[in-house]
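J.: The structure is given below, and queries will be raised subsequently.
The values are calculated or read from the model by the stated rules, or taken from the named source; none is laboratory data. These figures come from a predicted structure and were not determined experimentally. Neighbour counts run over all protein chains shown; Cβ positions are idealised from the backbone, glycine included.
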Amino acid sequence: MAGTDLLTDKTIKAALKAAEVGGKARKLSDGAGLVLEARPTGAGWWRLRYWRDGREGMLSLGTYPETGLRDARDKRDAARKLLAAGGDPSAARKVEKADRAMQREAQALADAGLPGPGTFEFVAREWLANIHEVKVSAGHAERTRIRLEQDAFPWIGRRLVGDIDPPELLACLRRVEARGAIETAHRVKDACGQVFRYAIATGQCKRNPAPDLRDALRPVESRNHAAIVDPKGTGELLRAVLAYQGHPVTCAALKLSALLLLRPGELRHMEWAWLDLDGALLTVPAEVMKRSKADKKDGPPHVVPLAAQAVAILRDLHPLTGHGRFVFPSLLTGERCMSENTVRGALRRMGYGNDDMTAHGFRAMARTMIAERLAIAPEVIEAQLAHAVGDALGRAYNRTQFLDQRRDMMTKWADYLDRLRAGAQVLTLPARAA
């Protein structure tokens, strides 16, 4: 290249000595923008002067003699090639420095046993804190965190999120699948997919391998909660509940499970403050319901009309637990509500296994039999079950306009259960006209 490579080591050393003796810096050009600044300290500083888009730039290439003449020229030539290709040497240098800083930070974290920036675990924990925990309930977020910690981080947590390909993610999920936890494997895959989407959005990887595994895992076998949905079986169950010799709190929970159509968690957490026995109403706060985090925070409560039979059971229970917070307190301590296994355990002791009847099955029993035997409009039943509908206007309509209809339905349902318990023959009503 004409007009370049003008310097020699001898010339450079002489210039450095002259600058040190004279106490004045001087610049030596090697051509093509490469300059050595000889300083009075006896050190030399390589700089590259260049133009890009009509603007002058200056790039530091190191110090002499640590960066020798040949190395400086190689760096100059590489920068000029980048310029010729439309690149920016200064921007490339910043990226390079950032990469080195990230590598140092990653190594320091690795030495401390922590995930480094850009690793799957690092990105996943960032997603959990910044996105997931903000959108979902605390319990949901905790379950997601535990799944990732148990079934993803040990295998891919220290891998750079952008380096994980579909086969590697699949191998991780196969370990979960191998222990028979098929549904968990799918949930872990879904959580990982959300982490990868977050990583793409934040520029930490370019593709999400999770969708490629859609048909690679064993399908989850759909299984509804076991429930009794025929009149004869329901009558036998209600008589078994009436004859059950368990704790009075457990007996009341069993009876109200059939009457209130609540989810087991909503029933267990019921508080006396939610009840208006004179007005025959139960008002379940939004934060207790199975809803999105936003609806838990700002949504309306769920109002449950109480049939006379339900009010009677609660009045009988009040002298026993009414002094405390929970209608169904733990049998060990009144500071917590009863365990989720209490009603299930009682059903087992009554002879109903997991394939026969579950605590959640009381809702399925009511949903099926109210529709089939009492000919109640489906939208009224769905409103009482607090099932979500597709839009905010529809949700408001369900929770307000059907209160009178739901009060009538709950009374008819309680009376119908009384007849089944007594062993009366109950005929199926004709189907409602469309």
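J.: Residues in segment 213-227: is at least one touching a helix residue (DSSP H, G or I) at 6+ places or on another chain (Cβ under 6 Å), assigned to a helix (DSSP H, G or I), at pLDDT below 95 and surrounded by 13 or more Cβ atoms within 10 Å (Cβ to Cβ)? Steps first, please.
T.: Let us first name the residues in segment 213-227 that are touching a helix residue (DSSP H, G or I) at 6+ places or on another chain (Cβ under 6 Å), namely 213, 216-218, 220, 225-227.
After this cut, where a residue has to be assigned to a helix (DSSP H, G or I) as well, the list is 213.
Next cut, at pLDDT below 95 only: 213.
Okay, now just the ones that are also surrounded by 13 or more Cβ atoms within 10 Å (Cβ to Cβ), so 213.
Scanning segment 213-227 turns up at least one residue that is touching a helix residue (DSSP H, G or I) at 6+ places or on another chain (Cβ under 6 Å), assigned to a helix (DSSP H, G or I), at pLDDT below 95 and surrounded by 13 or more Cβ atoms within 10 Å (Cβ to Cβ).
J.: Same structure again: Which of the residues belonging to segment 1-24 are in a helix (DSSP H, G or I) and surrounded by 18 or more Cβ atoms within 10 Å (Cβ to Cβ)? Let's see the steps before the verdict.
T.: Narrowing segment 1-24 to residues in a helix (DSSP H, G or I): 9-22.
ILE12, ALA15, LEU16, ALA19, listed by residue number.
J.: Still on this structure, I have one more. Any residue at all in segment 302-314 that's without any contact (Cβ under 8 Å) to a residue 40 or more places away in the chain and under 27 Å from TYR416 (Cα atoms)? Break it down into steps so the answer makes sense when it comes.
T.: Residues of segment 302-314 that are without any contact (Cβ under 8 Å) to a residue 40 or more places away in the chain, as a first pass: 311-312.
Next, only the ones that are under 27 Å from TYR416 (Cα atoms) stay: 311-312.
Scanning segment 302-314, I find at least one residue that is without any contact (Cβ under 8 Å) to a residue 40 or more places away in the chain and under 27 Å from TYR416 (Cα atoms), so the answer is yes.
J.: Any chance you could count how many residues in segment 239-260 are part of a helix (DSSP H, G or I), out of contact with any helix residue (DSSP H, G or I) (no Cβ under 8 Å at 6 or more places or on another chain) and within 19 Å of PRO329 (Cα to Cα)? Reasoning before the result, please.
T.: Residues of segment 239-260 that are part of a helix (DSSP H, G or I), as a first pass: 239-243, 248-260.
Remaining after also requiring out of contact with any helix residue (DSSP H, G or I) (no Cβ under 8 Å at 6 or more places or on another chain): 240, 243.
With within 19 Å of PRO329 (Cα to Cα) added as a condition, the list becomes none.
Selection size over segment 239-260: 0.
J.: Which count do you get for residues in segment 25-61 that are part of a loop (DSSP other than H, G, I, E, B) and over 14 Å from ALA78 (Cα atoms)? Before you say what the answer is, go through the steps one by one.
T.: Within segment 25-61, the first condition is being part of a loop (DSSP other than H, G, I, E, B), and the residues that meet it are 25, 32-33, 39-43, 53-54.
Among the residues that remain, those that are also over 14 Å from ALA78 (Cα atoms) are: 25, 39-43, 53-54.
The total comes to 8.
J.: While we're on this one: Any residue in segment 62-84 that is surrounded by 19 or more Cβ atoms within 10 Å (Cβ to Cβ) and either free of Cβ contacts under 8 Å to residues at least 12 places away in the same chain or of a type in the set (Phe, Trp, Tyr) (or both)?
T.: yes
J.: Let me ask another. When LYS97 is evaluated against the numbered criteria (1) in a helix (DSSP H, G or I); (2) modelled with pLDDT under 90; (3) crowded, with 18+ Cβ neighbours inside 10 Å, which criterion, by number, is the only one it fails?
T.: Of everything listed in (1) in a helix (DSSP H, G or I); (2) modelled with pLDDT under 90; (3) crowded, with 18+ Cβ neighbours inside 10 Å, LYS97 misses just condition (3).
J.: Next question, about the same structure. Residues GLY345, GLY390, GLY334: which one is assigned by TED's automatic domain parsing to the domain that holds CYS251, at pLDDT 90 or above and either outside any helix (DSSP H, G or I) or not charged (D, E, K, R) (or both)? Break it down stepwise before answering.
T.: On the way: GLY390 fails: at pLDDT 90 or above; GLY334 fails: at pLDDT 90 or above.
Just one listed residue meets the conditions, GLY345.
J.: Looking at segment 111-133, can you tell me whether even one residue there is surrounded by fewer than 18 Cβ atoms within 10 Å (Cβ to Cβ), farther than 30 Å from GLY157 by Cβ and not assigned by TED's automatic domain parsing to the domain that holds ASP190?
T.: No; the residues of segment 111-133 include none that is surrounded by fewer than 18 Cβ atoms within 10 Å (Cβ to Cβ), farther than 30 Å from GLY157 by Cβ and not assigned by TED's automatic domain parsing to the domain that holds ASP190.
J.: Shifting gears a bit: Only one of these conditions is not met by ARG158: (1) assigned to a helix (DSSP H, G or I); (2) touching a residue at least 40 places away in the same chain (Cβ under 8 Å); (3) assigned by TED's automatic domain parsing to the domain that holds ALA201. Which number is it?
T.: (1)
J.: Any chance you could count how many residues in segment 25-39 are surrounded by fewer than 17 Cβ atoms within 10 Å (Cβ to Cβ) and among the aliphatic types (A, V, I, L, M)?
T.: Residues that pass the stated criteria total 1.
J.: Still on this structure, I have one more. Can you tell me which residue among ALA138, ALA171, ALA185, ALA181 is touching an Asp or Glu at 6+ places or on another chain (Cβ under 9 Å) and either modelled with pLDDT of 95 or more or surrounded by fewer than 18 Cβ atoms within 10 Å (Cβ to Cβ) (or both)? It would help to see each step written out before you state the result.
T.: Numbers: ALA138 fails: touching an Asp or Glu at 6+ places or on another chain (Cβ under 9 Å); ALA171 fails: touching an Asp or Glu at 6+ places or on another chain (Cβ under 9 Å); ALA185 fails: either modelled with pLDDT of 95 or more or surrounded by fewer than 18 Cβ atoms within 10 Å (Cβ to Cβ) (or both).
Only one candidate qualifies: ALA181.
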